[in-house]
1. Counting just the residues of segment 256-277 that are loosely packed, with under 13 Cβ neighbours inside 10 Å and not basic (Lys, Arg), which one comes out farthest from ASP245 (Cα to Cα)?
2. With (1) farther than 30 Å from ASP328 by Cα; (2) in contact (Cβ under 8 Å) with a residue 24 or more places away in the chain; (3) out of contact with any strand residue (DSSP E or B) (no Cβ under 9 Å at 6 or more places or on another chain) as the list, and GLY401 as the residue in question, which single condition is left unmet?
3. Quick check on segment 331-364: of everything there that is part of a strand (DSSP E or B) and aromatic (Phe, Trp, Tyr), which residue is modelled with the highest pLDDT?
4. What number of residues within segment 26-68 are in contact with a Ser or Thr (Cβ under 6 Å, 6 or more places away or on another chain), touching a residue at least 60 places away in the same chain (Cβ under 8 Å) and among the charged types (D, E, K, R)?
5. Among the candidates PHE232, PHE206, single out the residue that is in the same structural domain as ALA292 (by TED's automatic domain parsing), touching a strand residue (DSSP E or B) at 6+ places or on another chain (Cβ under 9 Å), over 30 Å from ALA394 (Cβ atoms) and at pLDDT 95 or above.
6. Test of understanding: among GLU86, GLU109, GLU99, which residue is touching a residue at least 40 places away in the same chain (Cβ under 8 Å) and farther than 24 Å from ASP33 by Cα?
7. List the helices (runs of 4 or more DSSP H) inside segment 193-309, counting only whole elements, that have at least 1 residues being of a type in the set (Ser, Thr, Tyr) and either under 30 Å from LEU373 (Cα atoms) or more than 22 Å from the chain's Cα centre (by Cα) (or both).
8. Within the group THR372, THR296, which residue is out of contact with any strand residue (DSSP E or B) (no Cβ under 8 Å at 6 or more places or on another chain) and either among the β-branched types (Val, Ile, Thr) or touching a residue at least 12 places away in the same chain (Cβ under 8 Å) (or both)?
Amino acid sequence: MNTAHIRNFPGGRIHMIGIGGSSMSGLAEMLIDQGYQVSGSDRDETYLVHFVREKHAEVFIGHRADNVHGADLVVYSAAIAKDNPERVEADRLGIPSIERATLLGQLMEGFPKAVGISGAHGKTTVTSMLSQMLLENGMDPSIHIGGRLDAVGGSTRVGHGPIFVAEACEYNRSFLHLSPSVAVVLNIDADHLDCYRDIDEIEYTFGRFLGLLPGNGIAVGNGDDERVLRCFSRVKCRKVLFGMDSSHEWHPESLTEDDRGYISFELCHNGKALTNIHMSVPGVFNVMNGLAAIATANELGLDPVKAAATLERFAGAHRRFELTDTIDGVEIYHDYGHNPAEMRNAVSIARKRCKGRLWAVVQPHTFSRVRTLFEQYLTCTEEADFTLVTDICAAREKDPGNLNSGMLVDGMLRHGINAIWTPSFDDTEGYLKEHWKPGDLVITMGCGDINLLNDQIHRHFLESTGKDR
């Protein structure tokens, strides 16, 4: 069966099921910028729904069959099941439908330098770093980020140059729909085990992603990751490695870290020192992210010293260790980290910045992830003084009835973590306000709607002080 192509519907109405997702909302903005009429639907009213409405998309809250009436093409995210009433109705009416990743691949077609940035962790940050480097140096790229970046003015950009930079997500094997000429692999780790058998199948699929590169393509990878190296051993085109090890083409020397987690280092290329970099985002993992972005920028024709200058100014994408408020002398941050490895990194940085007690607020994401990574969740916040765990965000899944956040809290307590189950956002906000003290730091973590807790705390603070009037 032939797949419908977005280019066959110029100026048409594109209906997007799940338009409030991080990637879908960005694609919606990109389609609007290219002259398409966009409508969409989502389960809840979210801040990303608000952004696409501001771009003049018509968004329905709730999935109903008649939402697709009049659409020329339907796009659905991987989280949307076949029995979704809008997908069923589109099939009944003969409206062509494609999956989100297919649309992204179609939009990238024709770009001589199509960059796909993949990895279990860091995709949004590296895509954002690289995008800012290219923009600040006049390279006019097209961009699709799974987050919002102030330098872009959102999550997408329609450029006029030969470069298209996009996140390449492994969930549901979505990145296999792309046709990259430059493929970046940041790391390979166990995640999305609802659609992969195990870590070995994940590694195999990253290998398939690299196999999409043409003979004149370029593979950029983390040389400190054994699984990445195994995949790279089978790559036939040009290979570029970055890492902390001095044997790699791109690596740092003379690392120093201040008391808030910001790192300075000497950037080295093939053993030669090029320039000194003072990071504006904390953590060693962001040094690795920066190396990946510089290595890729260099392959796209940007002077690495100019790329490094941009990296020094890079302050992060939204929802990536983002300060959202200071209330009652308490700093409140949010981080998109949604598996234990990412949460551990975020808590580690928060620990360095915290003057008083550290509160980690965890929203576990999807029952399948909690089940497969259960043991890792139990210790990922061990550097915090207190851990609050909200109910599991089901997202695309149904509650199986035999797994809940109370079980996580029980396990955390057995590991010596001072954990409390605060099921709702109201419960969590109430507990924090009753117990926090000036000098404390709160970090909320998750890729579901936990950021709305930060918004709620902010709104209630304005209401209590009369500043919203």
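The values are calculated or read from the model by the stated rules, or taken from the named source; none is laboratory data. None of these values were measured; they are calculated from a predicted model. Positions of Cβ are generated from backbone atoms using ideal geometry, with glycine treated the same way; all protein chains shown enter the neighbour counts.
1. Restricting to residues being loosely packed, with under 13 Cβ neighbours inside 10 Å and not basic (Lys, Arg), the top hit is ASP259.
2. (2)
3. Taking segment 331-364 and keeping what is part of a strand (DSSP E or B), we get 331-335, 358-362.
Right, trim to aromatic (Phe, Trp, Tyr) and you get 333, 359.
Working: TYR333: 95, TRP359: 98.
That would be TRP359.
4. Of the residues in segment 26-68, 1 are in contact with a Ser or Thr (Cβ under 6 Å, 6 or more places away or on another chain), touching a residue at least 60 places away in the same chain (Cβ under 8 Å) and among the charged types (D, E, K, R).
5. Going through PHE232, PHE206 in turn, just one is in the same structural domain as ALA292 (by TED's automatic domain parsing), touching a strand residue (DSSP E or B) at 6+ places or on another chain (Cβ under 9 Å), over 30 Å from ALA394 (Cβ atoms) and at pLDDT 95 or above: PHE232.
6. Result: GLU86 is the single residue among GLU86, GLU109, GLU99 that is touching a residue at least 40 places away in the same chain (Cβ under 8 Å) and farther than 24 Å from ASP33 by Cα.
7. By residue number, 199-210.
8. Of the residues listed, the single one that is out of contact with any strand residue (DSSP E or B) (no Cβ under 8 Å at 6 or more places or on another chain) and either among the β-branched types (Val, Ile, Thr) or touching a residue at least 12 places away in the same chain (Cβ under 8 Å) (or both) is THR372.
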